[in-house]
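Single-structure report; data block below.
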Amino acid sequence: MDSISSDEELETRIVSEARSSSKQKKTDIELKHQKLLQDQQVKYVTDIFSKKSNTPVQISSIIVNNSQGIRPAVLQSYLDATIGQAVNVKQLCEQSDSLYYKMVSNGLVESLTQTLDSRGTFHIPISNLPSTMIPFGTYGKTLSIVDIVSTIDLHPIKKFSAKTGTNIGNGEGDGYLQFQWRNAFGGGEKFTFDATKGTKTHSSYLLEYTQPLTPWWIWGSALYKNSRQMGQAELLLRGIKISLKSAFYKNKDFNHEIYFENLWRSTKAMSTHSSDYLLFQCGDDLKSSLCHTLAWDTRDNAIFPCEGNYLRLSNELALGRYWKTALEVSKAKSWFNNNFLTMSTTTKCGYIQNFHSHTIPLHFSDKFHCGGSNDVRSFQLMGLGPKDLFDSMGGDAFVSYGVSAFSRLPIKRWEDSHFRLHAFFNGGRLINHNNVSLKNCISTLATQHSTSTGIGIIFAHPVARFELNFTVPLTAHSRDSVRKGFQYGIGLSFL
Amino acid sequence: MLSVFQVPKPVKAIFDKFPLETYPPVQKCDDATAYKQEERTFYLASTRGSQQLPNETFKLGVYNVFEEPNSKCILASDPWCLFTQLALCKKNDLKLCSKDSVKNASRQHSICILSQSAALNSRLPILVEGSSKRNVRSTESINEILNSRVSDPERIMYMCLLDTTVYDCWVSQVLLRTSNVRFLEIYYDKPHQSKALEKFEMINCKVSLMKRNNFYLRHSEIFKNIKSATFYNSRNVDNLVNSLFTSCEKVLSQFQELLGSDAFFLKGIVPTYLDIKIASYIVCILNLEDGNPLHEHVLQNCGSLIRHAEEVIKYFAS
């Protein structure tokens with residue numbers, strides 16, 4: 001009796017196993033089928049768009065729903081600057097993306113959806129077009145234009161937001177409080193108040209107002225107070241910053257930022273072993289500077305790029321003090337399926353010309369500093385360059401570079417994860433040129449580089465990049481602060 | 001015994017090979033930095049003649065210096081800084097330098113004009129000892145060492161009296177009875193970049209000055225008055241300052257009596273730390289602007305103390 005019941009149980013189990021495995025298979029097949037259909041649809045739509053990309057269109061009317069939160073003139077300017085400019089299907093698609101990107105990034109809406117309908121076509125004589133647009137041999141014929149009606153649904157932005165939180169990492173921690181009042185007057189105006197207190201950034205307060213002047217240009221003004229540790233000194237900064245920056249589509253155009261900053265800076269020694277250099281740097285000073293930054297960014301992701309180029313040129317004119325220029329060039333390229341292997345190279349260089357090079361020294365926070373887990377790895381933060389006792393003096397000319405190779409994990413299960421294997425080679429040179437000629441400065445920068453190499457693992461989180469590397473310095477200067485072995489890094493930009 | 005955390009020797013040996021090549025240190029020469037340091041450094045002349053090792057030298061960080069009109073010596077403008085300067089001269093057999101001779105002095109020991117921010121607790125003087133083996137001593141630590149050198153209880157008592165009654169009067173006078181320009185000449189050395197910044201810096205400087213020697217605990221009303229700038233004006237402050245001034249007058253006249261016609265206090269042949277302390281106060285008071293009540297009082301009523309201070313400075317002048 002018992003043996004019969006156990007056989008039945010076994011049979012039931014086999015049947016249920018078979019059913020469940022067939023269910024699983026069925027689900028997999030259904031998923032594959034859906035993906036295939038989706039791919040086909042995408043291909044179909046892409047084909048249509050590619051074939052009809054040059055078909056002339058005209059937007060005859062735009063219906064905007066839920067537009068109460070935006071001033072009509074502002075909304076009109078966004079529509080005119082984006083989809084209002086489209087004359088064919090391709091441009092209409094691109095400008096629709098632009099409209100979405102601009103309205104969301106400028107803080108007018110949380111998101112928006114756009115539906116494009118057609119009321120058929122209408123014909124206009126080609127002779128009505130401007131003479132430069134008339135193709136050869138088409139004079140006297142008519143042109144078919146697709147009549148488009150755009151319906152836009154806006155999803156209003158949450159006007160007030162408050163955030164509190166803590167950040168912990170690398171032997172440091174901080175707590176923050178943030179208030180935001182977005183789209184305050186219906187034109188994307190934003191007030192921000194930030195307060196942070198922590199170990200590395202001792203305290204930081206920021207009151208900021210930003211306002212888009214046009215869809216492409218943003219005005220900003222900020223009042224801030226910031227206290228942070230830099231080497232063996234504490235820097236207390238209070239300042240105002242007024243800026244005008246562009247927000248063009250980053251893949252296509254150069255973006256500019258022009259700003260004026262007025263800064264009151266207090267430097268305080270924090271050690272009983274301070275060098276003469278640091279002791280004489282202590283005290284208060286004022287700085288007014290005019291800066292311009294030019295950036296060109298075609299990277300697919302700023303934190304961990306797989307493809308694309310990045311160029312950034314910044315110039316700072318500190319009135320009556322110095323001129324500082326810095327250039328950063330970066331390129332990333334990937335190979336194989338799903339960007340399995342990625343190579344990334346970055347080069348940075350900079351130069352400062354002190355207008356009073358024999359009498360008034362530069363403040364050490366105005367100088368360049370190299371080294372650290374986000375810069376030349378295998379060296380401590382501010383570990384390269386001239387030093388007075390244990391204090392980094394910074395330099396007024398530098399070059400640093402890095403080549404990194406990343407690979408997805410060679411285990412199928414974790415292949416799609418955010419983890420990557422990492423190998424790198426870094427190098428750099430930081431000097432005080434002490435008013436030598438540019439030629440001599442370049443020749444000094446070209447020799448005796450501090451270099452390092454290593455391997456590690458990185459976690460490319462969308463918010464920040466985490467690295468754990470095993471590093472060794474290959475060449476170094478005798479006063480460089482070297483870090484052999486494991487080095488942990490967290491940040492948004494790496495060499 | 002091999003610990004789990006101990007790096008195995010072969011691995012360590014490989015590790016020690018890195019960096020594979022070591023270059024000499026990066027040149028730190030910077031003309032502007034050297035100029036600024038030189039401009040703010042005044043060397044003291046050594047009478048011993050022998051060169052001392054860099055790690056046996058010191059730098060005394062002070063608020064500012066002035067040229068004493070009679071001896072033409074470069075002296076610290078604050079009494080505590082000047083006391084330390086003279087005490088170090090006494091201990092190390094050093095001589096004060098004038099502006100002309102200061103650049104020819106042996107470049108070993110020096111006094112430097114520093115910002116109060118160079119001190120961990122924002123109070124000067126600080127004593128920067130050594131070169132590669134560096135130690136920065138605070139005002140309190142310097143005082144402790146210098147006071148420990150005085151063993152005679154009577155002298156200790158007199159020095160304590162000076163560091164409370166005369167010190168409090170000095171601080172109250174520079175805070176409330178001295179023009180901003182003169183205050184900045186005594187406690188600040190930089191050319192001022194902006195009037196607004198100057199005001200903020202002056203308040204900061206005054207606040208940290210009041211925290212030295214616990215002045216703010218003894219005279220909290222004055223402290224509140226200065227700290228809150230224009231927002232809090234106590235009517236009692238005038239009375240408090242006058243009362244400190246009266247006490248100081250009394251103490252100075254008592255010291256005059258004690259000195260009598262002797263060259264130095266308590267029948268000394270050479271200046272002791274007590275002589276140096278009194279002389280430091282008198283020299284700094286004489287450096288206050290004309291019209292300052294304390295300056296006028298000392299000038300008119302403390303002839304013996306002025307003569308004594310001149311003797312002390314003369315003793316240390318080269």
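The values are calculated or read from the model by the stated rules, or taken from the named source; none is laboratory data. On a predicted model such as this, the values are computed, not experimentally measured, just so you know. FYI the Cβ positions are ideal-geometry reconstructions off the backbone, even for glycines, and counts take in every protein chain you see. Calculation scope for accessible area: heavy atoms of the full protein, side chains included, ligands and nucleic acids excluded. Shrake-Rupley method; radii C 1.70, N 1.55, O 1.52, S 1.80 Å.
Worth a mention:
- Residue check, A:Y259 within 23 Å of the chain's Cα centre (by Cα) and either among the β-branched types (V, I, T) or farther than 30 Å from A:T345 by Cα (or both): no
- Matching entry among B:Y167, B:Y158 (being closer than 14 Å to B:W80 by Cα and either without any contact (Cβ under 8 Å) to a residue 60 or more places away in the chain or not assigned by the TED database to the domain that holds B:I111 (or both)): B:Y167
- Boolean, A:K348 is more than 14 Å from chain B (Cβ to nearest Cβ), open to solvent by 60 Å² or more (accessible area, probe 1.4 Å) and under 16 Å from A:L311 (Cβ atoms): no
- Near pairs, Cβ below 7 angstrom, 6+ apart or cross-chain, from segment A:307-328 (assigned to a loop (DSSP other than H, G, I, E, B)) to any residue that is open to solvent by 40 Å² or more (accessible area, probe 1.4 Å) and not aliphatic (A, V, I, L, M): A:E307/A:D300; A:E307/A:K333; A:G320/A:F355; A:R321/A:F355
One line per residue, one yes/no per condition, for (1) under 28 Å from B:M202 (Cα atoms); (2) at pLDDT below 90; (3) open to solvent by less than 60 Å² (accessible area, probe 1.4 Å):
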| residue | (1), (2), (3) |
| --- | --- |
| A:D253 | no, yes, no |
| A:E261 | yes, no, yes |
| A:R265 | yes, no, yes |
| A:A269 | yes, no, yes |
| A:L278 | yes, no, yes |
| A:S288 | yes, no, yes |
| A:C291 | no, no, yes |
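- When segment B:137-154 is filtered for residues that are surrounded by 13 or more Cβ atoms within 10 Å (Cβ to Cβ) and more than 14 Å from B:G268 (Cβ to Cβ), the ones remaining, listed by number, are B:R137, B:S138, B:T139, B:S141, B:I142, B:N143, B:I145, B:L146, B:N147.
Residue by residue, here is whether (1) within 14 Å of another protein chain (Cβ to nearest Cβ); (2) surrounded by fewer than 20 Cβ atoms within 10 Å (Cβ to Cβ); (3) within 30 Å of B:E39 (Cα to Cα); (4) at pLDDT below 90 holds:
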site	(1), (2), (3), (4)
B:W170	no, no, yes, no
B:D189	yes, yes, yes, yes
B:I222	no, no, no, yes
B:A229	no, yes, no, yes
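- Matching strands (runs of 3 or more DSSP E) fully within segment B:1-80 where at least 1 residues are of a type in the set (G, A, S): B:58-62, B:74-76
- Some residue of segment B:262-278 being more than 26 Å from B:L146 (Cβ to Cβ), acidic (D, E) and either touching a Leu at 6+ places or on another chain (Cβ under 9 Å) or open to solvent by 30 Å² or more (accessible area, probe 1.4 Å) (or both): no
- Of all the criteria given as (1) within 14 Å of chain A (Cβ to nearest Cβ); (2) without any contact (Cβ under 8 Å) to a residue 60 or more places away in the chain, the one not satisfied by B:T139 is (2).
- In this entry, A:L154 is excluded by the filter for residues that are open to solvent by 80 Å² or more (accessible area, probe 1.4 Å) and in a strand (DSSP E or B).
- Taking each residue of segment B:171-182 that is more than 16 Å from B:P79 (Cα to Cα) and looking for partners that are part of a helix (DSSP H, G or I) with beta-carbon atoms closer than 7 Å, six or more apart or interchain, yields B:L176/B:V237; B:L176/B:V241; B:R177/B:V241; B:R177/B:P293; B:N180/B:M202.
- Residue satisfying condition, being in a helix (DSSP H, G or I) and of a type in the set (G, A, S), within set B:S261, B:S280: B:S280
- Every residue from segment A:67-96 that is in a loop (DSSP other than H, G, I, E, B) and open to solvent by 80 Å² or more (accessible area, probe 1.4 Å): A:Q68, A:R71
- Filtered by the rule that a residue be surrounded by fewer than 16 Cβ atoms within 10 Å (Cβ to Cβ), on the phi > 0 side of the Ramachandran plot and of a type outside the set (G, A, S), segment A:303-345 gives A:F336, A:N338.
- Any hit, segment A:167-181, residues being within 21 Å of A:S243 (Cβ to Cβ) and either in contact with a Cys (Cβ under 8 Å, 6 or more places away or on another chain) or β-branched (V, I, T) (or both): no
- Within segment A:97-122, residues that are open to solvent by less than 30 Å² (accessible area, probe 1.4 Å) reach partners that are outside any strand (DSSP E or B) and among the charged types (D, E, K, R) with beta carbons closer than 7 Å, at six or more positions or on different chains, in the pairs A:G107/A:R182.
- Count - residues of segment A:231-284 that are over 15 Å from B:F200 (Cβ atoms), among the acidic types (D, E) and within 11 Å of chain B (Cβ to nearest Cβ): 2
- Close pairs from segment B:23-34: first more than 7 Å from every other protein chain (Cβ to nearest Cβ), partner at pLDDT 90 or above, Cβ under 9 Å, at least 6 apart: B:A34/A:P361
- Among residues of segment A:447-468 that are within 14 Å of chain B (Cβ to nearest Cβ), those with a Cβ under 6 angstrom from a residue that is assigned to a strand (DSSP E or B) and basic (K, R), sequence gap 6+ or separate chain, pair up as A:H449/A:R429.
- Tally, over segment A:263-306, of residues that are under 30 Å from A:S407 (Cβ atoms) and in contact with a strand residue (DSSP E or B) (Cβ under 6 Å, 6 or more places away or on another chain): 10
- Of all the residues in segment A:408-462, those that are on the phi > 0 side of the Ramachandran plot and at pLDDT below 90 number 2.
- Cross-chain or 6+ apart pairs with Cβ under 7 Å, segment A:424-436 first and more than 9 Å from chain B (Cβ to nearest Cβ) and farther than 11 Å from B:D31 by Cα, then outside any strand (DSSP E or B) and open to solvent by 20 Å² or more (accessible area, probe 1.4 Å): A:G427/A:H449; A:G428/A:H449
- Residue that is outside any helix (DSSP H, G or I), open to solvent by 50 Å² or more (accessible area, probe 1.4 Å) and touching a Phe, Trp or Tyr at 6+ places or on another chain (Cβ under 9 Å), where the choices are A:S127, A:S144: A:S144
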